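Inspection log for the structure reproduced underneath, given as structure tokens.
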Amino acid sequence: MSKTVLNSADLMIEMAQQHREHLFSKLPESSAVLVASGSEQIRNRDVEFPFRAESDFFYLSGFSEPDSVLLLVKNQGERSMLFVRPRDPQQETWQGRRLGVEMAPVVLKVDLAHSVEEIDEQVVEQLQNIEHLFFSFGQMGQWMESVESWLAQLKAQVRKGISAPSKLVDLDDLMHEMRLFKSDDEIELMRQAAQISVQGHLAAMRHVFPGQYEFQLQAALEGDFMRLGSQKVAFNSIVASGDNACILHYTENSDQMGEHQLVLVDAGAEFRGYAGDITTTFPVSGRFTPAQKQLYELVLTAQRAAIDCIAPGVSYQAPHQAVIKILTAGLVELGLLSGEVEDLIDEEAYKDFFMHGTGHWLGMDVHDVGRYKQQGEWREFEPGMVLTVEPGLYVSSDLEGIDERWLGIGIRIEDDVLVTDSGCEVLTYGLPRTVTEIESWMAEHNLHLSSESGKS
């Protein structure tokens, strides 16, 4: 791991400056942009959920305090203004240090800073004679009361020669297309997030044993994330054994794991605001049953075919189509489906066993922003895009008419993939993936299953 990246406190601020400059270059003259960090949310009584700044705000500011707002103005020049919580010694004694108004321009390299308590007065002044006002329509509820008030105040000054913004514009299309394409610095951070995530999954494989609870395996996984520099998980970790793996977003992680079960672990570390996202599926006992092996090898074949599809100029849908064809043919061969493969694909018969897409964009959000289609057509891959590739098969015990040897098996295999100039790069390298590799790795490294655990 690069110590330079891990220890560089200024990196996110430098990146945010670059992102603001890029956004300014795309804005029309006479425009303003509003982006908020969000507020702390109560979990129960006076206990808050851990705070994480909204991704668009962090992308443009490198700042992660709640109740902050960034205002960008392009009007005969460019200026950036940040509204932050003022210093308050009493509040800081209880709730932690604040950067404060005085230090914000120095540390965050913005032009101006004000107390968030002054936002109404200052924004009204900054919006005078501005034509375009950009903000996220996805956050319309939190903005409209303020925007209506600001516009009303400006319109009341029309006889003074002051005009109000006449065009309210959704920021999402502009911002999210920018975020879809990762810079070299962002790619390096995503490599870090991916490799921390890999080590966490290896820790899970190292610590699993029959009779263990899913949440205990989660602790081993997330402990390694933190040990390696990740302060947060990118999303709620899924540790799903047996039939629980057939619940796509299972997060209870409360069951005890049986000796003959598989465990599906879908988890990723967040590193400096960027997400890793990996799914591994491995046997609790260290050995696959014949049925588990057959389904696992089918999913892995599909995943590798999907990754092989990824290159500039290829349709986003191509990996999914490759996966559907391989999984459907394999399900027919195993007797889980019957009929002609093409007919079964047309009928979407595979959806009883594979009901989700093959991947999604990845970046600051685990399900990252960016359009999947343009003018109604699947967009083509371009260098700098990052996506997951995650086919799966799920044979729920609730399915009827299925040979019992398949029931209760859920498998997903997921990696993070960067589109490069000439093809693609798997960021989440370093995991044992084939049945032979997994069984051999666990026999050598698992602390509980190996007969030579003293060598681990």
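The values are calculated or read from the model by the stated rules, or taken from the named source; none is laboratory data. Because the structure is predicted, anything quoted here is derived from the model rather than measured. Quick reminder, even Gly has a Cβ in these numbers, built from the backbone with ideal geometry, and neighbours come from all protein chains shown.
Here are a few things to note about the model shown:
- Residue match in the stretch 358-377 (condition: of a type outside the set (A, V, I, L, M, F, W, C), over 20 Å from the mean Cα position of the chain (by Cα) and part of a loop (DSSP other than H, G, I, E, B)): yes
- Answer residue from the stretch 39-82, given it is touching a residue at least 12 places away in the same chain (Cβ under 8 Å) and either of a type in the set (Asp, Glu) or not assigned by TED's automatic domain parsing to the domain that holds VAL107 (or both) and is farthest from GLY100 (Cα to Cα) among those: GLU78
- Conditions (1) on the phi < 0 side of the Ramachandran plot; (2) under 28 Å from the mean Cα position of the chain (by Cα): number failed by LYS109: (1)
- Of the residues LEU418, LEU407, the single one that is assigned to a loop (DSSP other than H, G, I, E, B) and either farther than 30 Å from ASP352 by Cβ or out of contact with any helix residue (DSSP H, G or I) (no Cβ under 6 Å at 6 or more places or on another chain) (or both) is LEU407.
- Search result, residues across the stretch 231-255 that are over 16 Å from ILE409 (Cα atoms) and out of contact with any Pro (no Cβ under 8 Å at 6 or more places or on another chain): GLN231, VAL233, ALA234, PHE235, ASN236, SER237, THR251, GLU252, ASN253, SER254
- Complete set of residues in the stretch 123-145 that are under 15 Å from LEU70 (Cα atoms) and touching an Asp or Glu at 6+ places or on another chain (Cβ under 7 Å): SER136
- No other residue among ARG98, ARG87 is within 30 Å of the chain's Cα centre (by Cα) and either surrounded by 15 or more Cβ atoms within 10 Å (Cβ to Cβ) or in a loop (DSSP other than H, G, I, E, B) (or both) apart from ARG98.
- Pairs with Cβ under 9 Å, 6+ apart, first in the stretch 368-389 and under 20 Å from ASP184 (Cβ atoms), second of a type in the set (Asp, Glu) and in a strand (DSSP E or B): VAL386/ASP416; LEU387/ASP416
- Condition check for GLU188: outside the structural domain of VAL123 (by TED's automatic domain parsing), part of a helix (DSSP H, G or I) and buried (at least 19 other Cβ atoms within 10 Å of the Cβ): no
- When ALA32, ALA113, ALA16, ALA104 are screened for being under 21 Å from GLY363 (Cβ atoms), out of contact with any Cys (no Cβ under 6 Å at 6 or more places or on another chain) and surrounded by 18 or more Cβ atoms within 10 Å (Cβ to Cβ), only ALA16 passes.
- Unmet criterion (only one of (1) within 28 Å of VAL169 (Cβ to Cβ); (2) modelled with pLDDT of 95 or more; (3) part of a helix (DSSP H, G or I)) for ALA53: (3)
- Residues in the stretch 203-221 that are outside any helix (DSSP H, G or I) and buried (at least 22 other Cβ atoms within 10 Å of the Cβ): VAL208 alone.
- In the stretch 116-131, residue nearest to the chain's Cα centre (by Cα) [restricted to those that are assigned to a helix (DSSP H, G or I) and crowded, with 16+ Cβ neighbours inside 10 Å]: VAL116
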